[in-house]
Amino acid sequence: MTHDISLGNAAVPPPLSTNALVYPALQTGGIANCVNDNGAVNQASNENGNKTGNPKTNIVLSATQVRKSYNIGGERRWVLDGVDFQAASGECVFLSGPSGSGKSTLLSILGCLLEADSGEVVIADRRVDTLSVAERTSVRRDSIGFVFQRFQLIRGLSAEDNVAVPLTLQGATLADARAQAGELLGRVGLAMHRNHLPTAMSPGQCQRVALARAVITSPKLLLADEPTAALDGKSGMEVMELLKELVGATDSATVVVTHDPRISKYADRICEIENGQFK
């Protein structure tokens, strides 16, 4: 499967930043060298003899030989070229690499927002690359939490109601969802801001609200796209401290795309991608 993209010479995936994709009910109508937190390179062989990043043993996310191309100016460009990747429960894996390297495309595929040309993606023991659009929507709703660079909060909703949205989509009553959202906002230091609109909060506070929204359903998988890029250094560190704390509490497998070297200490592994392959 190829797609025609007329945006210059760069291979541009659909942005991982759309509430209507992640929360559709709001619409109206192969080799990974992964550096661990000690600076060592982890490699392990799978059954086919390929090397993959060596995560913990309880695998939540597995991608095998994932390929994705775009048709740019009449030429087929491979954005991902046979990527193997895994992430385990409770593990925080960073994806790094230059712009256009394929990391955002990979994150979109892992989040069931974009279809690969080929390869296999398994989330929580369920193969998702063969699912229908409606089935992938259910996977996003029930198994995946998303954190975005620009927060993607619903501007007309309070902090509490923004955090409550995923629970209501799963069938919780508004009262129950608000109660759980208020409690979680207290855990991220925003108890006094539960009734504030996003426009009345700082960028750091908005990202904490977004983080609370992402984890309120205790997702199996948490995907974060440049979570500190819109924040100052202090706010970025605070958000990453909270992310690590909440991931530890929910035991989610977490994948973070980032260019920010300041937050590398929060990664259990760092996987570098370039030209559609892991280095």
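Taking into account only those residues within region 83-127 that are within 22 Å of Ser218 (Cβ to Cβ) and acidic (Asp, Glu), which is surrounded by the fewest Cβ atoms within 10 Å (Cβ to Cβ)?
Asp125
Take the residues in region 168-218 that are surrounded by fewer than 23 Cβ atoms within 10 Å (Cβ to Cβ) and of a type in the set (Lys, Arg); name whichever of them is modelled with the lowest pLDDT.
Selected residue: Arg187.
Considering only region 241-265, how many residues are part of a helix (DSSP H, G or I), modelled with pLDDT of 90 or more, under 18 Å from Ala212 (Cβ atoms) and touching an Asp or Glu at 6+ places or on another chain (Cβ under 9 Å)?
0
Any chance region 181-188 includes a residue that's part of a helix (DSSP H, G or I) and under 19 Å from the mean Cα position of the chain (by Cα)?
Within region 181-188 (the criterion being part of a helix (DSSP H, G or I) and under 19 Å from the mean Cα position of the chain (by Cα)), the answer is no, since none of the residues qualifies.
Please tell me if Ser132 is in contact with a strand residue (DSSP E or B) (Cβ under 7 Å, 6 or more places away or on another chain), surrounded by fewer than 21 Cβ atoms within 10 Å (Cβ to Cβ) and of a type in the set (Ser, Thr, Tyr).
no
Can you pull out every residue in region 266-279 that is part of a loop (DSSP other than H, G, I, E, B) and buried (at least 24 other Cβ atoms within 10 Å of the Cβ)?
Gly276
Test Ala230 against the criterion of being small (Gly, Ala, Ser), at negative phi and buried (at least 18 other Cβ atoms within 10 Å of the Cβ), and give yes or no.
Against the criterion (small (Gly, Ala, Ser), at negative phi and buried (at least 18 other Cβ atoms within 10 Å of the Cβ)), Ala230 does not qualify.
Yes or no: Thr168 of a type in the set (Val, Ile, Thr), more than 11 Å from Val209 (Cα to Cα) and more than 23 Å from the chain's Cα centre (by Cα)?
When the stated conditions are applied, Thr168 does not pass them.
Consider region 95-124. How many of its residues are among the β-branched types (Val, Ile, Thr) and assigned to a helix (DSSP H, G or I)? Step through it out loud before you land on a result.
Initially, region 95-124 is screened for residues among the β-branched types (Val, Ile, Thr), giving 105, 109, 121-123.
Filter once more, keeping what is assigned to a helix (DSSP H, G or I): 105, 109.
Residues in region 95-124 being among the β-branched types (Val, Ile, Thr) and assigned to a helix (DSSP H, G or I): 2 in total.
Taking the residues in region 154-165 that are in contact with a helix residue (DSSP H, G or I) (Cβ under 6 Å, 6 or more places away or on another chain) and more than 11 Å from Ala212 (Cα to Cα) as candidates, determine which candidate is surrounded by the most Cβ atoms within 10 Å (Cβ to Cβ).
Here the answer is Ile154.
Of a type in the set (A, V, I, L, M), part of a strand (DSSP E or B), surrounded by 20 or more Cβ atoms within 10 Å (Cβ to Cβ) and at pLDDT 90 or above: does that describe Ala224?
yes
The values are calculated or read from the model by the stated rules, or taken from the named source; none is laboratory data. Predicted model only: the values in this text are computed from it and were never measured. Virtual Cβ from ideal backbone geometry, glycine too; neighbours counted across all protein chains shown.
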